[in-house]
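K.L.:
Dropping a structure here in structure tokens format, bear with me for questions.
The values are calculated or read from the model by the stated rules, or taken from the named source; none is laboratory data. Fair warning: this is a prediction, and the values are worked out from it, not measured in the lab. Here Cβ is always computed from backbone atoms with ideal geometry, including for glycine, and neighbour counts include all displayed protein chains.
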Amino acid sequence: MSNKNDTYAYLLRLGDNALVLSQRLGEWCGKGPALEEDMALTNVALDLLGQARLWLSYAAELAGDGADEDSLAYLRDADQFRNVLLLEQPNGNYADTVVRQFFFDAWHALALQQLRVSQDPRIAEIADKALKEVNYHLRRSSDLVVRLGDGTEISRNRMQAAVDHLWPYSGEMFDADGVDLAAAAAGYGFDPSGLRTEWLAYVREVLEEGTLKLPSPEAWMQKGGKQGRHTEHLSRMLSEMQILQRSHPGATW
Amino acid sequence: MYAQMVDTGTRVAGNELDAAEVRFQKRIDDGIRVEPQDWMPDRYRKTLIRQISQHAHSEIVGQLPEGNWITRAPSLKRKAILLAKVQDEAGHGLYLYSAAETLGISRDQMVDDLHSGKAKYSSIFNYPTLTWADVGAIGWLVDGSAIMNQIPLCRCSYGPYSRAMIRVCKEEAFHMRQGYDMLMSLCRGTPEQKQMAQDALNRWWWPSLMMFGPPDADSVHSEQSKQWKIKLFTNDELRQKMVDQTVPQAEYLGLTIPDADLKWNAERGHYDYGAIDWEEFYNVVKGNGPCNRERIATRKKAWDDGEWFREALVAHADKKSKSKLQAAA
Ligand SMILES: [Fe+2]
Ligand SMILES: [Fe+2]
Ligand SMILES: [Fe+2]
């Protein structure tokens, strides 16, 4: 059956993915390319933040020792974060932000479909709630990929450049390691390598509708985030996010 | 307020009003709402465009000072509250731009006017947010003042504006409570946190009083706006209300309002308060506030950086409607 440490490690991945992407999206708030888009993107950031809190609160309960969602978010160093590298990549121009979101949403929806039938009822419950939100995120980001891909020459070039640039970070989502396999074996999680075919087919279809090219699925893929080896961007992001908790230890806000 | 010193155009003496204007004023006096399709004097239309667009710009520029702390919010719960708040302000901007559009100006035109400096926004958003406590102080004092001004505007003479105000006021009341709650946590926290709250009050108090606009004696356009029922209380009346409401709230927090002359006047039944530095106010309005340049530069950059995005969406929509037409042909 499930081992508490494995489940904890698994929940951190889910929570950190949502938290780190939400943090990135929060950087756009008030500076989006159009008022309606700004508001829609903030909605996504809020959904992901809500999901992060549910995953991290559950992880904290398993960890015991007085941990809570905030101690996990604010008092871990970068090498203790377990998000995939894709999500810590900087916002770049808006095309980069849209493509990062699209790659993740397409995976996230598939992942939550698996987790909805988790044998851990708490995981199943969170996934069920999150999936309703993520289905909307995926519809939105897919639609933007099509419209910006098949928009102007400038927008197509920006979108293709973003796809090419972020592509090497897409493989990690499907890379199964011991934590994933333990989750799959115990029935509270799934083997992510099993999602890649469906993900590729969906991503190819949307990119093609947006007149964009799918890079080679055989390309070299970056990995390490799930094990705590991050890009240079994460520690900088965390130094900003964690500043108040770190400089006022023990304070309540 | 969010709309300060709104120019109402040249005043026309009563006997020079033509018959249509007299009928218009009579309807307003009778409490009948003006709707977009109704006839209205040109000066009423232009004044409202200035007032509503200034209010809309204030909501949009007002996202920036607090947005400054989203990535640094000290707990996930506070981060969620702040994200939602800043998003609400964008929503307020949106309703207000739509209300102004009913008067025959486009949103693009209003945005251009903001970026060129032709249109103003509230002076308050030209002050910096230096610590987390500033986020609480803005909710408490700035949203608090906004409510005070906007609750009467829910009854203003122009239908779309009054309806926008009703939606906006509900959310502003939330914002104020959340800001106060944030400060409450700081005041009950460590000495450093309490000091942070006091420092925020010290810096935001006077700008918040200035937010209501110049003293009545210097408000040249107030009379006309009152007659048209697009301003229901004078600047000084609202400012006094704000002081009277806020003093006990500050006492409850255990914070000191930075005004040595502040004291209860039993005869008036109001608090007396010290002299406001109007020279500072007029300078901030003129563009010399600590953050005027930065705020507009940030909005302009967001707009300019987003141009390719907006053009792409239009181009895509054009392609789609063309291919639909061809399919139908
Ligand atoms: Fe607002
Ligand atoms: Fe407002
Ligand atoms: Fe507000």
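K.L.:
Hey, among B:E172, B:E192, which residue is of a type in the set (D, E) and under 30 Å from B:W278 (Cα atoms)?
P.N.:
B:E172
K.L.:
Away from ligand 1 (no atom under 16 Å from the Cβ), within 21 Å of B:L130 (Cβ to Cβ) and not β-branched (V, I, T): which single residue out of B:E223, B:E251, B:E192 fits that description?
P.N.:
B:E192
K.L.:
Also, I was wondering about something else. Return yes or no: is B:E89 crowded, with 24+ Cβ neighbours inside 10 Å and touching a His at 6+ places or on another chain (Cβ under 6 Å)?
P.N.:
So B:E89 fails the test.
K.L.:
Filter region B:177-204 down to the residues that are among the aromatic types (F, W, Y) and either within 14 Å of chain A (Cβ to nearest Cβ) or surrounded by 22 or more Cβ atoms within 10 Å (Cβ to Cβ) (or both) and list them by number.
P.N.:
B:W204
K.L.:
Could you list all residues from region B:33-72 that are assigned to a loop (DSSP other than H, G, I, E, B), in contact (Cβ under 8 Å) with a residue 60 or more places away in the chain and more than 16 Å from ligand 2 (Cβ to nearest atom)?
P.N.:
Once the filter is applied, which keeps residues that are assigned to a loop (DSSP other than H, G, I, E, B), in contact (Cβ under 8 Å) with a residue 60 or more places away in the chain and more than 16 Å from ligand 2 (Cβ to nearest atom), region B:33-72 yields B:R33, B:E35, B:P36, B:N68, B:W69.
K.L.:
Go through region A:55-102 and count every residue that is aliphatic (A, V, I, L, M) and over 28 Å from A:Q222 (Cβ atoms).
P.N.:
4
K.L.:
Go through region B:283-305 and give me each residue that's in contact (Cβ under 8 Å) with a residue 12 or more places away in the chain and more than 14 Å from every other protein chain (Cβ to nearest Cβ).
P.N.:
Scanning region B:283-305 gives B:V284, B:V285, B:G287, B:G289, B:P290, B:N292.
K.L.:
Restricting attention to region B:163-173, which residues are more than 14 Å from chain A (Cβ to nearest Cβ) and within 15 Å of ligand 3 (Cβ to nearest atom)?
P.N.:
Hits for region B:163-173 are B:A164, B:M165, B:I166, B:R167, B:V168, B:C169, B:K170, B:E172, B:A173.
K.L.:
Please pick out the residue among B:D108, B:D113 that is under 30 Å from B:W39 (Cβ atoms), more than 16 Å from ligand 3 (Cβ to nearest atom), assigned to a helix (DSSP H, G or I) and more than 14 Å from every other protein chain (Cβ to nearest Cβ).
P.N.:
Exactly one residue qualifies, and that residue is B:D113.
K.L.:
Sticking with this structure for a sec: Considering only region A:79-101, state which residues are part of a loop (DSSP other than H, G, I, E, B) and at negative phi.
P.N.:
Correct list: A:F81, A:R82, A:N83, A:V84, A:Q89, A:P90, A:N91, A:N93.
K.L.:
Pick out the one residue from A:R139, A:R196, A:R147, A:R204 that is out of contact with any Cys (no Cβ under 7 Å at 6 or more places or on another chain), in contact (Cβ under 8 Å) with a residue 40 or more places away in the chain and not β-branched (V, I, T).
P.N.:
A:R147
K.L.:
Related question: Just to be sure, is B:D134 within 12 Å of B:E66 (Cα to Cα), assigned to a helix (DSSP H, G or I) and more than 12 Å from ligand 3 (Cβ to nearest atom)?
P.N.:
Yes: the conditions hold for B:D134.
K.L.:
Would you say B:L82 is away from ligand 2 (no atom under 16 Å from the Cβ) and crowded, with 17+ Cβ neighbours inside 10 Å?
P.N.:
yes
K.L.:
Looking only at region B:54-69, which residues are under 13 Å from B:C291 (Cα atoms) and near ligand 1 (Cβ under 9 Å from one of its atoms)?
P.N.:
B:G62
K.L.:
Given the residues A:D77, A:D47, which is the only one that is among the charged types (D, E, K, R) and over 20 Å from A:D143 (Cα atoms)?
P.N.:
A:D77
K.L.:
Contact list please: Cβ distance under 7 Å, first residue in region B:84-99 and closer than 11 Å to B:G62 by Cβ, second residue small (G, A, S) and within 12 Å of ligand 2 (Cβ to nearest atom), pairs at least six apart or on different chains.
P.N.:
B:E89/B:G62; B:G93/B:A56
K.L.:
Can you tell me which of B:A302, B:A312 is outside the structural domain of B:C187 (by the TED database), surrounded by 15 or more Cβ atoms within 10 Å (Cβ to Cβ) and over 21 Å from the mean Cα position of the chain (by Cα)?
P.N.:
B:A312
K.L.:
Could you tell me which residue of region B:149-162 is farthest from the other protein chains (Cβ to nearest Cβ), considering only residues that are within 16 Å of the chain's Cα centre (by Cα) and either near ligand 2 (Cβ under 10 Å from one of its atoms) or surrounded by fewer than 21 Cβ atoms within 10 Å (Cβ to Cβ) (or both)?
P.N.:
Ranking the qualifying residues of region B:149-162, first place goes to B:P152.
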